[in-house]
1. Can you tell me which of (1) surrounded by 13 or more Cβ atoms within 10 Å (Cβ to Cβ); (2) in a helix (DSSP H, G or I); (3) modelled with pLDDT of 90 or more is the one residue 92 doesn't meet?
2. Just give me the residues in the stretch 119-133 being surrounded by fewer than 16 Cβ atoms within 10 Å (Cβ to Cβ) and at pLDDT 65 or above, in sequence order.
3. It is to be established whether one or more residues within the stretch 60-71 are under 17 Å from the mean Cα position of the chain (by Cα), part of a helix (DSSP H, G or I), modelled with pLDDT of 90 or more and closer than 30 Å to residue 93 by Cβ.
């Protein structure tokens, strides 16, 4: 266990963090209410993918061509399709196979997360979740 001085510091630090979080929340809520919250735009490649994914007539091949234009996104899609999130005995090696494994809804979620991560990269999952919620809220209204 820490010393009493450490515990006092921890309590003070927690109060300061709580105050900052509350203050930031208040600012964000006011901006949301006044429709004055600017958030980064979704990357163009992600917008193209989302438009294709909204069309039920699109093929995995067409979507994979668009994703293939962004090497970072393509790499992340391949890695995600081969991860524990989509368990399988065989490994996929193409974007088309990755999309087939993930499905259109899984890919949409991955693209949203990728876009959000680019815009709001933070190592703190709570911050990522807060920004994702704000960003998704703003996407509904624009």
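The values are calculated or read from the model by the stated rules, or taken from the named source; none is laboratory data. Values in this document were obtained by computation on a predicted structure and should not be read as measured data. Reconstructed Cβ throughout: ideal geometry from the backbone, glycine too, with neighbour counts over all protein chains shown.
1. (2)
2. 125, 126, 129, 133
3. Yes.
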